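Some notes on the structure that comes next.
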Amino acid sequence: MSKNYLGNSWPLGSTVTKRGVNFSVAAPEAQKIELLIFSNHKDKEPSQIIRLDKNNQSGDYWHVEVKGLSNGCCYCYRVLETRSISSGSPSNSIYLLDPCSRQIQGWEALRQLNTKQSLKSVVCEREQFNFEDHPRPRHAWNKTTIYELHVGGFTSQIDSGVNPLEKGTFLGLIDKIPYLKDLGVTTIELLPVFAFNPYEAPFGVSNYWGYSPLNWFTPHESYISKSSELSGRDQFRKFVSACHDEQLEVILDVVYNHTAEGNENGPTISWKGFGESVYYHKNKKKGFLDVSGCGNTIAANHPLTRHLILESLRCWAQELGVDGFRFDLGIALSRGESLKPLDNPPIFQEIESDPILSELKLISEPWDCGGLYRLADFPAKRISTWNGHFRDNVRKFWKGDKDCAWELKDHLQGSPNLYKDKENSNKKSINFITAHDGYTLNDLVSFSYKHNLANGENNRDGDNHNNNWNHGIEGPCSDISLTKLRKKQQRNLLSTLLLSQGVPMISMGDEVGRSQGGNNNAWCQNSPLGWMIWDTRSCDKDLSQYLKNLLSIRKSLPGFFSPELGLSDIQQDEETWIEWHGIELGKPDWGSWSHTISYSINIGKSGAAAWIGLNAYSQSMVFELPKPTSKWIKVLDTSEVSKQKLSNNPELNQKDISLENRSMVLMISNDYFQKIKM
């Protein structure tokens, strides 16, 4: 030990010092532990073995400073004795990844986990992101529109126009920033970019989405371009910098509810070896408890686990520059001992009180696979939630189901009746019609049944209750009238999404009619089925332009469709307010049989500035129009499926308007229409 020093318990992971590298890892159940240094990541045997004793232990942390090492050094740990033994616990032959690894090598060994030919942690820099030159855009919630995409799938198609050597990478995404800017979104939400094992999936398919992390700090290897000399971390920084320069925020879909280690029969990669009873929820018989659907559940109620999660969040926020996080199955993090739901989960309290994380956008799924669903009372003050009720009820309304009108009224106002914090519901509610998990928008209106045979599970996987409808024929068809109806329905769904209060999220490719062939669970489809489409012959360019128009209207008139405070339906002399109608003014129909809604957005007592009519009925309907503040202009009509430009001519008939069956119309008075920037 003459060349080494005792080291420090902080910072966690590996950190370059003046004398070498300081290593620190939390191993609360370890009794004997070794640090293994490798000359090369391909080496099976270490060039140096450093045994840590009690002098190298501070509480639950084991640490040592090794002289002469620097960035690029490969290392692992080996726990020789542990107080917690189960079938998945480590043995002398297993090399363990540092849970705080910021770089990993040895990816060719992924098929051989739990052998000496293993992944290796790598010492690397911990530089801070250059916020001075590339500051965060900091879009307010009421001016935020999210676009969810898959890093690999967005540019994998040959038609993407991206450098072939950078397809499916962070650098490849940079080339598509102009596309996203032109579309009009403000925020990009990336499906998981934490390192994951694409080979772990059963049935001979790949883990394409990446919801099964190997590590919470390292960018996924496949998203790093091999044609660049930049490190993976620097490539990610370059992508985020380019987004910030164009006023685009970057949010990560993060998976802290489970890991790739699975249950007691799964591999030991990292967390298990250092303290499986600390990092995972287990029962009295030492079996793994599972509300993630993936074999294990992270014990975020434990202080050491929380600390590791917070370290990961700070790494991506401060070192790599991201602007927010969306927590996959986030409510699972609120579970305490024996998976009991906690009203004040410490992980969310610590995230919201952290000075680094407090400035970020935070979003969560309010459900997990154990049946816990807390949308109205999600146990955190600042965390917004995916509003699954919005998705389901909007789909049902346009499908023509009964008992939808009253609930849709609430969703159009930001779902205040769903949230405990009613005044801020339009900031809390992340509205969406589709997401990565489920049908694409095109498939939602083209298929009545899921078609998941390509996933290898005999069509057993995927949700069976999607409120989808093929409108008469299953899948693609050449019937002109049916095709028009489906196009109308796509516009109806997008219009309801973008003209509702709350924060809208759009799913990759919905704007151009992307299809997955009726597959509603494409988690394993690293193929054209799961990729973005760029071939103009396959893209619905009219739909894309329609969405651009919607986004321009929403951005130009935030007080109408994305107000800082929600619009109420109580008249006030000097404020914007909503009045509800039916086909007759002031006579809304909230009956179970109703398929129509209309409402006006009024300016004090001056008149209506906007009017929206929704007709989900199978027949056309004539709606009375309120008195506008000036002349009415029909800005959007979903029945005009090939129209691209907005009309600027006042309607000849200012008293009523006919809405085609299953269509939606937006009218704006001329004085407010002039404010729309196209």
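The values are calculated or read from the model by the stated rules, or taken from the named source; none is laboratory data. What you are looking at is a predicted structure, and each value in this text was computed from that prediction instead of being measured. Please note: Cβ atoms are built from the backbone with ideal geometry, for glycine as well, and neighbour counts cover all protein chains shown. Protein only, heavy atoms only, side chains kept; ligands, DNA and RNA dropped before computing areas. Shrake-Rupley method; radii C 1.70, N 1.55, O 1.52, S 1.80 Å.
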### Task
Only residues that are over 28 Å from Ser222 (Cα atoms) and not aliphatic (A, V, I, L, M): list them for the stretch 134-165, please.
Arg138, His139, Trp141, Asn142, Lys143, Thr144
### Query
What is the residue count in the stretch 61-88 for residues that are surrounded by 18 or more Cβ atoms within 10 Å (Cβ to Cβ) and either modelled with pLDDT of 95 or more or touching an Asp or Glu at 6+ places or on another chain (Cβ under 7 Å) (or both)?
15
### Query
All but one of (1) modelled with pLDDT under 95; (2) part of a loop (DSSP other than H, G, I, E, B); (3) open to solvent by 20 Å² or more (accessible area, probe 1.4 Å) hold for Ile94; which doesn't?
(3)
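Matching residues to (1) modelled with pLDDT under 95; (2) over 18 Å from the mean Cα position of the chain (by Cα); (3) not charged (D, E, K, R):
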site: Leu113; (1), (2), (3): yes, yes, yes
site: Gln117; (1), (2), (3): yes, yes, yes
site: Asn130; (1), (2), (3): no, yes, yes
site: Asp133; (1), (2), (3): no, yes, no
site: Tyr147; (1), (2), (3): no, no, yes
site: His150; (1), (2), (3): no, no, yes
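Any idea which of Lys54, Lys3 is out of contact with any Ser or Thr (no Cβ under 9 Å at 6 or more places or on another chain), among the charged types (D, E, K, R) and closer than 27 Å to Tyr280 by Cβ?
Lys54
Residue-wise test of (1) of a type in the set (Gly, Ala, Ser); (2) crowded, with 22+ Cβ neighbours inside 10 Å.
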{"position": "Asp253", "(1), (2)": "no, yes"}
{"position": "Asn283", "(1), (2)": "no, no"}
{"position": "Gly293", "(1), (2)": "yes, no"}
{"position": "Thr297", "(1), (2)": "no, yes"}
### Task
Considering (1) open to solvent by 10 Å² or more (accessible area, probe 1.4 Å); (2) touching a residue at least 40 places away in the same chain (Cβ under 8 Å), say which one Val622 fails and leave the rest.
(2)
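Of all residues in the stretch 4-31, how many are of a type in the set (D, E, K, R), surrounded by 13 or more Cβ atoms within 10 Å (Cβ to Cβ) and farther than 23 Å from Asn215 by Cβ?
The qualifying residues number 1.
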#### Entry: Search result, residues across the stretch 1-52 that are part of a strand (DSSP E or B), out of contact with any Pro (no Cβ under 8 Å at 6 or more places or on another chain) and β-branched (Val, Ile, Thr)
Thr15, Val16, Val21, Ile33, Ile49, Ile50
### Query
Given the conditions (1) at pLDDT below 95; (2) surrounded by 15 or more Cβ atoms within 10 Å (Cβ to Cβ); (3) within 36 Å of the chain's Cα centre (by Cα), and given that Leu636 satisfies all but one, which numbered condition is not satisfied?
(1)
### Message
Of everything in the stretch 337-375, what is more than 22 Å from Gly388 (Cα to Cα), open to solvent by less than 20 Å² (accessible area, probe 1.4 Å) and assigned to a helix (DSSP H, G or I)? Give them in sequence order.
### Response
Ile347, Ile351
#### Entry: Yes/no for Leu659 being more than 32 Å from the chain's Cα centre (by Cα), open to solvent by 40 Å² or more (accessible area, probe 1.4 Å) and closer than 26 Å to Asn549 by Cβ
no
### Query
Given the structure, is Pro192 surrounded by 19 or more Cβ atoms within 10 Å (Cβ to Cβ), closer than 20 Å to Asp175 by Cβ and either in contact with an Asp or Glu (Cβ under 7 Å, 6 or more places away or on another chain) or modelled with pLDDT of 95 or more (or both)?
no
### Message
It is to be established whether one or more residues within the stretch 446-464 are among the aromatic types (Phe, Trp, Tyr), at pLDDT 95 or above and under 30 Å from Pro202 (Cβ atoms).
### Response
yes
### Query
Counting just the residues of the stretch 195-208 that are touching a Cys at 6+ places or on another chain (Cβ under 8 Å) and closer than 21 Å to Arg326 by Cβ, which one comes out surrounded by the most Cβ atoms within 10 Å (Cβ to Cβ)?
Tyr208
### Task
May I ask you to list the residues in the stretch 377-413 that are open to solvent by 50 Å² or more (accessible area, probe 1.4 Å) and under 21 Å from the mean Cα position of the chain (by Cα)?
Asp377, Lys381, Arg382, His389, Arg391
### Query
So, in the stretch 553-602, of the ones that are touching a Leu at 6+ places or on another chain (Cβ under 9 Å) and acidic (Asp, Glu), which residue ends up least open to solvent (accessible area, probe 1.4 Å)?
Glu579
#### Entry: Number of the exception - Val322 against (1) within 28 Å of Thr434 (Cβ to Cβ); (2) surrounded by fewer than 16 Cβ atoms within 10 Å (Cβ to Cβ)
(2)
### Task
Scan the stretch 271-286 for residues that are modelled with pLDDT of 95 or more and assigned to a loop (DSSP other than H, G, I, E, B) and jot them down.
His281
#### Entry: Residues satisfying the stated conditions in the stretch 557-587, i.e. of a type in the set (Gly, Ala, Ser) and within 27 Å of Ser658 (Cβ to Cβ)
Gly582, Gly586
